[in-house]
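A short worksheet on the structure shown next.
The values are calculated or read from the model by the stated rules, or taken from the named source; none is laboratory data. On a predicted model such as this, the values are computed, not experimentally measured, just so you know. Reconstructed Cβ throughout: ideal geometry from the backbone, glycine too, with neighbour counts over all protein chains shown.
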Amino acid sequence: MAGSIGSSAGWHRGVASGRRGRLPAAILLGAMVLPAGCAAPPPPPPAVAADDHHEERRAACLNHSAAATPQAVIDACTGMIDGDAEPADITGQAYRIRARAELRLGQIDPVIADFEQAVRLNPKDAQAFLGLGRADDRKGRTDKAILAYGRAIALAPGLAEAFAERGRDYLAAGRVEEAIADFDEAIRLNPHDAASLASRGLAHARRDDTTDAMEDFDQALKLNPNQQEALAGRGRLAFAARDYDGAIADFDQAIHLAPRDVAAYLGRGDAYMRKGQYDEALADYGQAIKLSPRDPRVLNSRGNILRSQGRYDQALADFDAAIRLDPGFAIAYYSRGRVYQHLGDRDKAMADFNQAVSLAPHDANFIYSRGRLLLEIGDAVHGNADIARARQIDKNIGG
């Protein structure tokens, strides 16, 4: 376009040389004259106004006060995340904080999504992995939770909470030795952690180490007299030691602290039953069934009370329901078999005892009861063999 009358370069040269000339009309109108076939350049983007509220939202998310409501924290963190003005690790922190606030509102799926985003943006955030594990636990994804706690521990070996949470998951999965190892480490890192002491006590009780279990429960209650898990665990140990009054006292406190604890109602009901306080036992079993209507353990326990009161039809209904809910629940077959035996229906009793022994071949009570029934029907050979086998397992049975 050299020499063109519309050349802006030529015009500037003219201005610079001090020459005055007649300006083209297009220049006077503020437009550039372009040769044919040339497209106009895109207009510059509009100026973006500074976000005067970003720092305010940032502070309300990252440094929120304890008094801030969960929704206020969620809103602040959402604004900060949507603003896209932070490096990845800080944005990851905002996702983690928002997830915790969502968890307080019971929003499990968004919580998991936010924690997953947090660890993606900042894979070295141990607290985010800890939170992800807890969210997975709420969702019932124990295997994923164990993996998340493992990542948290690898990043922060001094994070006692991660050891404690993983220990509880190991215990729930029946991995008792791994659970105890994790509780040991959690307690070493935080000797005043009453909850981990109580959980370790439950693990010791699971492997019949009652001395260590009682020591842990007592220490937990010394640190926190309202440690509900320790009270319930100690109540179960008292029941096993036939200290039914002590068991009831501990379960009373445990239920007061956690009125929806089905196992505590069941434990107290069992203690009342052993004391012959059947009305109190039935009330506890009834409450447990109301809280957990599909728990075969509670139905079996209530059935045994009804059997002891001679209410055989109601007892059979409870045992039938327990078996429908869990066809592998051996003790319900045994309990139902005892009712049939009492009613004189030996064929049904034998079928139930056989099923109980098949499901739990090392249970001395089941084997002994079948042996006694075999003797009743005149099968001394097999009856005596069952009784001898039962006494090999438990030398005190039938004594």
Checklist entry - Would you say residue 201 is under 23 Å from residue 259 (Cβ atoms), modelled with pLDDT of 95 or more, surrounded by 18 or more Cβ atoms within 10 Å (Cβ to Cβ) and of a type outside the set (A, V, I, L, M)? => result yes
Next on the checklist: Which count do you get for residues in segment 343-384 that are charged (D, E, K, R), closer than 21 Å to residue 323 by Cβ and outside any helix (DSSP H, G or I)?
Outcome noted: 2
Item to check | Residues that are more than 22 Å from residue 195 (Cβ to Cβ), of a type in the set (S, T, N, Q) and outside any loop (DSSP other than H, G, I, E, B), drawn from segment 115-127 | outcome: 117
Checklist outcome for this item: The one condition residue 309 fails out of (1) more than 25 Å from residue 359 (Cα to Cα); (2) surrounded by 19 or more Cβ atoms within 10 Å (Cβ to Cβ) is (2)
Item to check | Scope segment 224-256; condition on the phi < 0 side of the Ramachandran plot and assigned to a loop (DSSP other than H, G, I, E, B); matching residues | outcome: 224, 225, 226, 227, 241, 243
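Any idea which residue in segment 128-173 is surrounded by the fewest Cβ atoms within 10 Å (Cβ to Cβ), counting only those that are assigned to a loop (DSSP other than H, G, I, E, B) and modelled with pLDDT under 95?
Filtering segment 128-173 for residues that are assigned to a loop (DSSP other than H, G, I, E, B) and modelled with pLDDT under 95, the one surrounded by the fewest Cβ atoms within 10 Å (Cβ to Cβ) comes out as 140.
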Checklist entry - When segment 185-204 is examined, which residues are found to be part of a helix (DSSP H, G or I), touching a helix residue (DSSP H, G or I) at 6+ places or on another chain (Cβ under 7 Å) and of a type in the set (D, E, K, R)? => result 185, 200
Checklist entry - Applying the selection to segment 353-389, what residues are under 18 Å from residue 333 (Cα atoms) and either hydroxyl-bearing (Ser, Thr, Tyr) or over 36 Å from the mean Cα position of the chain (by Cα) (or both)? => result 353, 354, 358, 367, 368, 369, 370, 371, 372, 373, 374, 386
Item to check | The listed residue being touching a Leu at 6+ places or on another chain (Cβ under 6 Å) and polar (S, T, N, Q), out of 314, 392 | outcome: 314
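From 85, 101, which residue is at pLDDT below 90, within 16 Å of residue 61 (Cβ to Cβ) and hydrophobic (A, V, I, L, M, F, W, C)?
Values: 101 fails: at pLDDT below 90.
Going through 85, 101 in turn, the sole match is 85.
Can you find a residue that is among the charged types (D, E, K, R), out of contact with any His (no Cβ under 9 Å at 6 or more places or on another chain) and over 29 Å from residue 228 (Cα atoms) anywhere in segment 135-157? Before the answer, list the steps.
First, pick out the residues of segment 135-157 that are among the charged types (D, E, K, R): 136-139, 141, 143-144, 151.
After this cut, where a residue has to be out of contact with any His (no Cβ under 9 Å at 6 or more places or on another chain) as well, the list is 136-139, 141, 143-144, 151.
Narrowing the set further to residues that are over 29 Å from residue 228 (Cα atoms) leaves 151.
Yes, there is a match, as at least one residue in segment 135-157 is among the charged types (D, E, K, R), out of contact with any His (no Cβ under 9 Å at 6 or more places or on another chain) and over 29 Å from residue 228 (Cα atoms).
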Item to check | residue 265 vs. criteria under 19 Å from residue 317 (Cα atoms), aromatic (Phe, Trp, Tyr) and assigned to a helix (DSSP H, G or I) | outcome: no
Checklist entry - If the Cβ limit is 6 Å and pairs must be 6+ apart or interchain, which residue in segment 372-391 that is touching a residue at least 24 places away in the same chain (Cβ under 8 Å) and closer than 21 Å to residue 344 by Cα pairs with which residue that is surrounded by 14 or more Cβ atoms within 10 Å (Cβ to Cβ) and among the charged types (D, E, K, R)? => result 377/346
